[in-house]
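Working notes, structure below.
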Amino acid sequence: MWRYIRRRLMLAVLTFWAVSTIVWGLLYLTGDPFDRPLPIQYLHFLSAAVQGDLGNSLRSGEPALLLVSRRVGFTVQLALLAMTLALVVSIPVGIVSAMFRGSLTDRTLMLLSMVGQSMPIFWVGLLMIAVFAVELRWFPAGGAGGIKYLFLPAATLALYPMARIARLVRSSLLDVLNRDYILAARARGLREALVVGKHALKNAALPVITIVALQFGYMLGGAVITETIFGWPGVGLFTVTAIHERDFPVVQAAVVLASGMFIALNFLVDLLYGWLDPRIRFS
């Protein structure tokens, strides 16, 4: 197991180094006033980055990483609530759809899931504002505050992963329900709910865990559109503002931090995979 952990950790570190280098290189293409050779500038960037120094904001003069880290909490709140909403809806929908395969219920749920995956997130956000904020006035149209300010952007951000996870739960569960040990459990007279809940769900969960982790990582690093539409003061909105102001150190810090969170999340999922499925770590 320790050998497996070391391999995954080395891969995570190499990936983070590669992403940081690419980000630095892309920002270097914009030009700068320094006359030092490119390798010297890159070594200076690496030595400073190891110490947590990604430069100072061109606007405020404060450390760029500090400015971005102040917004991380807002983005994490949004991503956690969005993923919670997605899981609360998608897992029961996927289970019901798999248990009633081919029925009108199954077809209706899968049709709704397909529609949910197809709708652009910016259109969903504007629709949420028009219906629930402007017409019904149940929630504020934007800004930050209590749970009322968080619900609409979280629901908007949750729609795509909700639909995708529901379809994956259904397909994974259908694949497991056709296995021999499931047929044997049914032959012993076990109730269908027990067969699904105790035997099938555990084995169907492995691919679902991967998608959940990836979607959560996308939420942490890719909630730019949602945060911009609702004026949610997270990393995404802050990054867009920095791009408009050409504040390159802040953009660099935001991308590096988001990449680091995504890579760390994938590393944890790799460890969880190895713990749940011994075949992975022994291979």
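What angle, in degrees between 0 and 90 and rounded to the nearest 10, separates the Cα long axis of helix 248-276 from the longest principal axis of the Cα atoms of the chain?
Value to nearest ten degrees: 30.
So, in nm, how far is label L9 from label L206 when the simple model puts each one 7 Å beyond its Cα toward the Cβ?
2.5
Stretch R59-A187 to full length: gain in nm at 0.36 nm per residue minus the Cα-Cα span?
Extra length available between R59 and A187 comes to 39.1 nm.
Which one of R188, R179, R59 has the biggest mean-square fluctuation once the chain is modelled by GNM with Cα springs under 10 Å?
Per the Cα network of the chain with a 10 Å cutoff, R188 tops the list.
Run lengths n ≥ 4 of DSSP H only: what is the helix-derived mean residue ellipticity at 222 nm for the chain, with -39500 (n - 2.57) per run over all residues, to the nearest 500?
-25000 deg cm²/dmol
How big is D, in µm² s⁻¹, for region 201-275 by Stokes-Einstein at 37 °C and 0.692 mPa s if Rh is the Kirkwood radius over C-alpha pairs?
In µm²/s, the coefficient rounds to 240.
Of G125, G25, G73, which has the largest mean-square fluctuation in a 10 Å C-alpha GNM of the chain?
G25
Please report, in whole Å³, the volume per residue of the convex hull around the C-alpha atoms of region 1-136.
Convex hull of Cα atoms, per residue: 239 Å³.
Distance in nm between label sites at N178 and L104, each 7 Å beyond Cα in the beta-carbon direction?
According to this spin-label approximation, the distance is 2.7 nm.
Suppose the chain between K148 and A130 were pulled fully straight at 0.36 nm per residue; how much longer would it get relative to their current alpha carbon spacing?
4.9 nm
Rounded, prolate or oblate: which one fits region 73-276, using the alpha carbon gyration tensor with axes a ≥ b ≥ c (rounded when a/c is under 1.5, else prolate when a/b beats b/c, else oblate)?
Taking the square roots of the gyration eigenvalues as a ≥ b ≥ c, region 73-276 is oblate.
Name the residue, out of S171, S57, S47, whose mean-square fluctuation peaks in a Gaussian network model built on the chain with Cα pairs under 10 Å.
S47
Laboratory data are not the source of any read-out in this text; all were calculated from the coordinates shown. Here the structure is a predicted model, which means the values were calculated and not measured. All Cβ positions, even for glycine, are placed from backbone atoms using ideal geometry, and neighbour counts span all protein chains on display.
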